1. So which of V156, V175, V168 ends up being part of a helix (DSSP H, G or I), free of Cβ contacts under 8 Å to residues at least 24 places away in the same chain and either surrounded by 15 or more Cβ atoms within 10 Å (Cβ to Cβ) or among the acidic types (D, E) (or both)?
2. (1) under 21 Å from P25 (Cα atoms); (2) touching a residue at least 40 places away in the same chain (Cβ under 8 Å); (3) not charged (D, E, K, R): which one isn't true of Y139, the others all being true?
3. Given the criterion surrounded by fewer than 21 Cβ atoms within 10 Å (Cβ to Cβ) and closer than 29 Å to K187 by Cα, identify the matching residue among G81, G74.
4. What number goes with the only condition from (1) more than 16 Å from I181 (Cβ to Cβ); (2) touching a Pro at 6+ places or on another chain (Cβ under 8 Å) that A16 does not pass?
5. Can you tell me which of (1) in contact with a Pro (Cβ under 6 Å, 6 or more places away or on another chain); (2) in a helix (DSSP H, G or I) is the one R183 doesn't meet?
6. Scan region 19-36 and give yes if some residue there is at pLDDT below 90 and among the small types (G, A, S), otherwise no.
7. Identify the residue in region 72-98 that is more than 19 Å from I17 (Cα to Cα) and among the aromatic types (F, W, Y) and, among all such residues, is nearest to the chain's Cα centre (by Cα).
Amino acid sequence: MNTRSIALIANFAALAIVLNAIRIPTFYWPGFYYTLYEIPVLVVFLIYGFKIGILVEAIHIAGQEIFFPVGPGGLVVYPMGLIVMPLMALTIFLVQKFLTKNPQTDRQKSERKKTIYVTGAAAVVRGGFMPILDSLVLYSFLLPIVLGRSIPAAYVAGLVPGFIIYNVTSALYAVPIAYFIARQACKHLKLEPRLLKI
């Protein structure tokens, strides 16, 4: 890893922390909001792989807790990014691998179609896996420990559609933007990506 790569990683981590200031509230999940931090973190995953991506996500979580604290619940909610970001990066990698299995069909697929495939797959995987984790682990186990009180099962069950919508829509905006930025960064900066197929 050269100096330019280290500088890029530091910039993407700092950008992820700064993008937490932009919060778009969700109307279907009380007290939750969209943030744009997932885009630079996912770009790092695609370019530098899992080890560096997890490092950048951990730096982001520490910075987020320092500069944008949300109380004790943040200590439990923020680390969920250490699960969701590698999950989306792995999905993108596997879909790309599947699409490039046959070189003839790879040439026939446009970049737009590849982007649609990886975005759709990431939305399906994240929308299918994370709501289960949110309801069974986060809201039924971890948050009650941190908050010191239990959360009624009916309340958690009522939030499950919100979990699904949030996780699907998060993938729908983060993946295509990150995929595009990672491809352009690799192309213009002559980087050798780890998870991105160019």
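1. V156
2. (2)
3. Of the residues listed, the single one that is surrounded by fewer than 21 Cβ atoms within 10 Å (Cβ to Cβ) and closer than 29 Å to K187 by Cα is G81.
4. If we test A16 against (1) more than 16 Å from I181 (Cβ to Cβ); (2) touching a Pro at 6+ places or on another chain (Cβ under 8 Å), just (1) comes out false.
5. Every condition holds for R183 apart from (1).
6. yes
7. Across region 72-98, the extreme among qualifying residues is F93.
So that you can scan it fast, the table gives a plain yes or no per residue for (1) modelled with pLDDT of 90 or more; (2) more than 18 Å from F32 (Cα to Cα); (3) part of a helix (DSSP H, G or I); (4) hydroxyl-bearing (S, T, Y):
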site	(1), (2), (3), (4)
R107	no, yes, yes, no
R126	yes, no, yes, no
F129	yes, yes, yes, no
F141	no, yes, yes, no
R149	no, yes, no, no
V160	yes, no, yes, no
I164	yes, no, yes, no
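The values are calculated or read from the model by the stated rules, or taken from the named source; none is laboratory data. These numbers were taken from a predicted model, which means no experiment stands behind them. Please note: Cβ atoms are built from the backbone with ideal geometry, for glycine as well, and neighbour counts cover all protein chains shown.
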